[in-house]
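For reference, the structure discussed in these notes is given below.
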Amino acid sequence: MRSHGYNMTLPHGHVTHQTILVLDFGSQYTQLIARRLRELSIYSEIISFKTPAEEIAAKRPRGIILSGGPASLSEAGAPKCDLNVFDLDVPVLGICYGMQLLTSHYGGLVGAATGREYGPAIVTVTPDGEQGFFREIPGKLKVWASHGDFVSAAPPGFEVLATSPNAPVAAMADIKRKRYGLLFHPEVVHTDHGVTLLKNFAQACDCSGDWTMSSFVEEATEGIRKKVGAEG
């Protein structure tokens, strides 16, 4: 697997870490996404969905996650990130609203569900999913859903990885372009094997897990010490 060679310098430190950026679209679970990644020893940073693609590229992330959010793509003024983000050569994972945005951008179909799905759901993993993004995960799993729209047709080039009674496309992926979508929240404890899914995405990003809170504190402290010394 080819390495993207992207790293990010911490604000006060001189050591770089493999980084996954989380674009925040207003989900109540956005902070949890970053926490789960850090529990996997992967440095993550939450930024606004309004951040220009040029600024995102300058941070040199290994991957990007589009968070969920309360909006609907059918609404006027629905939040959208800088679409040039999709041209960056890094893996992208869309969660709930983020998956719908991913679907719309690449030519799939997003429609209004008969009723907002909020709560537990059972998804069934397809053979394509079992061999790839859902590896080491059971064929059926309980997940936590929170969406008013659903993906009625995956975009061209995307494989359906999982389905549910209320969502014909509960998960999808374009392996070649490393674009992934989940219509449920892997970051919450109500989703079985959610951390494994995030770990599988991190592996797609070539993240080996090189970050710990203790190392962050040490690097930040060293950075402050050097700054104080220079100014003194």
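Count charges around Leu73 for me, please; just the other residues with Cβ under 13 Å from its Cβ, Lys/Arg as +1, Asp/Glu as -1.
Values: positive: Lys80; negative: Glu75, Asp149.
My count for the surroundings of Leu73 gives -1.
Modelling each spin label as a point 7 Å along the Cα-to-Cβ direction, I'd like the Glu75/Lys176 distance in nm, to one decimal.
Result: 3.6 nm between the two label points.
Can you give the Rg to Rh ratio of the range 24-102, both from alpha-carbon atoms, with Rh computed by the Kirkwood formula? Before the final figure, lay out the partial values.
Details: Rg = 12.3 Å, Rh = 13.0 Å.
Taking Rh as the inverse mean 1/r over Cα pairs, Rg/Rh reads 0.95.
I'd like the Karplus ³J(HN,Hα) series for the range 162-178: coefficients 6.51, -1.76, 1.60, θ = phi - 60°, whole numbers in Hz, and an x wherever there's a Gly or Pro.
With the stated coefficients, the range 162-178 comes to 7, 10, 9, x, 9, 9, x, 10, 8, 7, 8, 7, 10, 4, 4, 8, 6 Hz.
How much of the accessible area of the range 20-73, probe 1.4 Å, is carbon plus sulfur, in whole percent? Present the calculation step by step, with values, prior to reporting the outcome.
On the way: 950 of 2180 Å².
The C+S portion of the solvent-accessible surface of the range 20-73 is 44 percent.
Taking K and R as +1 and D and E as -1, what net charge do the other residues with C-beta under 10 Å from the C-beta of Leu93 add up to?
+2
According to a simple spin-label model (label point 7 Å from Cα along Cα-to-Cβ), what is the distance in nm between Arg135 and Ser152?
That separation, rounded to one decimal, is 3.5 nm.
What value in Å³ per residue do you get for the convex hull of the alpha-carbon atoms in the range 50-92?
Values: hull volume 3.4 nm³, N = 43.
In the range 50-92, the Cα convex hull volume per residue is 78 Å³.
The values are calculated or read from the model by the stated rules, or taken from the named source; none is laboratory data. What you see is a predicted model; the values in this text were computed from it and never measured. Here Cβ is always computed from backbone atoms with ideal geometry, including for glycine, and neighbour counts include all displayed protein chains. We work out accessible area using only protein heavy atoms, side chains counted, and drop any ligands, DNA or RNA first. Shrake-Rupley method; radii C 1.70, N 1.55, O 1.52, S 1.80 Å.
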